[in-house]
Amino acid sequence: MRWHFSPETGSPFWLERAPSLGFDPLTDIRTHDDLTRFPNVASELRSVRAEDLIPRGYGPRPGVVGVYESGGTTGAPKRIVLLRDWLDKLLGWSSAQLDGHGVPQGANWLIVAPNGPHMVGDVIKQQTAYRGGLSFTVDLDPRWVKKLIADGKGAEAGAYAEHIVDQVGYLLETQDIGVLMCTPPVLERIARRDDLAKLVNEKVRAINWVGTQMDPDTRHLYRTEVFPDAVLYSGYGSTMILGNASERHGLTDDDPCVYDPYSPYMSFGVIDPATGATVAFGERGQVVMHHVSKSLLMPNNLERDYATRIAPLPGQLGDSVADIAPVQTFDNETVIEGVY
């Protein structure tokens, strides 16, 4: 708190916001639970100057990796700044999670994900290099798909998805791909094509699916029948917390898909959206995310997802979450998943 609210080190965004908070972060924010005293300021990131989000303590050359936007599938996108010191921490933690799942080091990745202005594609390319592989990319444009679906052009959205899968096929045919990263709808379309499913089984040692939903029956089918030789695992992320949570190691097909965040920097809560009260373990509610690191303070951000509240791992701050599903409306916009 002292870093983010001292004139010498804090960001212009939080220094200007501090007088209107109604409390003193330096004396009143002492525990993880106190983070819920902050207002949810994420919507303000739709229009704030990106420079104003960078803490002054980084000096005149803060090591900016990029300015990234939220998906933009629920209105105008929000923007966040990714700094190098945080990315280095995130890559180390994420790589350890991959090792825990048995994902091979030194493998080439085929990344079927949004690139700029979105964060996920760029970060996974950095992660691939960190682990000693080459990145092959197929860009997804979730905003275009959302627009097509909202306009009632479902057939065009489907054609776009097939165009994505065609590009996946070219790369699988010609390159040494050890890890495939894609969303559940794209993976489903790959599985429907016998020739592509055969290529995945011949080459790919791990499949990283990212997005919000894959039901337990589908997970079991992929693991046992469709892609039996590949590790299948997932991540649950958000641009607004500058990263992702990892699927818990050692889950069986009978377990829900549990996600554990990078504690203490990233943490989750699960609340009743009508009352704001934390739900009981095993109950469903809306996800609240916090990010507290040197590079960013983004507390009490209400996400567009529902989840089941799960007991955290020992020593972890906040909750773990499972059974992620999007809310129907968010910020007065209908949520459309499209290629996610």
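Within the shell of other residues whose beta carbon sits under 14 angstrom from the beta carbon of Thr174, the net charge comes to -4, with Lys and Arg scored +1 and Asp and Glu -1.
Within the listed set Arg309, Arg61, Arg46, the Gaussian network model of the chain (springs between alpha-carbon atoms below 10 Å) gives the highest mean-square fluctuation for Arg61. Accessible surface computed residue by residue for region 25-149, with neighbouring protein chains in place and a 1.4 Å probe, gives 43 Å² per residue. Between the listed residues Leu90, Ala42, Gly57, the Cα displaced farthest toward the positive end of the dipole of region 1-334, a dipole computed from Cβ unit charges relative to the Cα centre, is found at Gly57. Where only DSSP H runs of four or more residues are counted, the chain gives -8500 deg cm²/dmol as its mean residue ellipticity at 222 nm, each run worth -39500 (n - 2.57).
Pairwise Cα distances in region 1-334 exceed 25 Å for 53 percent of all pairs.
Quick one: pull the percent of accessible area on region 1-334 belonging to carbon and sulfur, 1.4 Å probe, ligands and nucleic acids left out. With neighbouring chains kept in place, the figure for region 1-334 is 50 percent. Projecting the Cα positions of Pro273, Val168, Thr137 onto the charge dipole of region 1-334 (unit charges on Cβ atoms of Lys, Arg, Asp and Glu, taken about the Cα centre) puts Thr137 furthest along the positive direction. In this Cβ point-charge picture (+1 for Lys and Arg, -1 for Asp and Glu), the chain has a dipole of about 860 debye about its Cα centre.
The values are calculated or read from the model by the stated rules, or taken from the named source; none is laboratory data. Just so it is clear, the model here is predicted, and its values are computed rather than measured. Reconstructed Cβ throughout: ideal geometry from the backbone, glycine too, with neighbour counts over all protein chains shown. For the accessible areas, the whole protein counts, side chains as well, though only heavy atoms, and no ligand, DNA or RNA atoms are used. Shrake-Rupley method; radii C 1.70, N 1.55, O 1.52, S 1.80 Å.
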